[in-house]
């Protein structure tokens, strides 16, 4: 399931998807967020946690529910696998990405439940 597929099948995102250029803009924001987050893993982890918590709260106003995050994670993993190929995106790399996405989404989900 690709990112586009994920966005198409989750009915609750209909309101957000009606925003002009949503897919292109959200995909770009998603990739930028991942890029920044990965750069902050390590010495800036506490700041990253705060940023992700705020981002999680913001997503509540968009109608994003905690149960949407696993679908986004699967879409990310499948997109990376399709883009990089099985040789570059081997089992170890896939497991690392799955762990990192799980940790990042955990803070966003936790913020939504506060």
### Summary
Matching residues in region 67-92 (within 22 Å of residue 39 (Cβ to Cβ), in a helix (DSSP H, G or I) and free of Cβ contacts under 8 Å to residues at least 12 places away in the same chain) number 4
#### Entry: Subset of region 99-114 (residues that are at pLDDT below 90 and either surrounded by fewer than 16 Cβ atoms within 10 Å (Cβ to Cβ) or outside any helix (DSSP H, G or I) (or both))
99, 103, 113, 114
### Task
Select from region 36-63 the residues that are part of a loop (DSSP other than H, G, I, E, B), closer than 14 Å to residue 107 by Cβ and touching a residue at least 40 places away in the same chain (Cβ under 8 Å) and list them in ascending order.
41
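The values are calculated or read from the model by the stated rules, or taken from the named source; none is laboratory data. These figures come from a predicted structure and were not determined experimentally. Because the Cβ atoms are built from the backbone with ideal geometry, glycine has one as well, and the counts that use them run over all protein chains shown.
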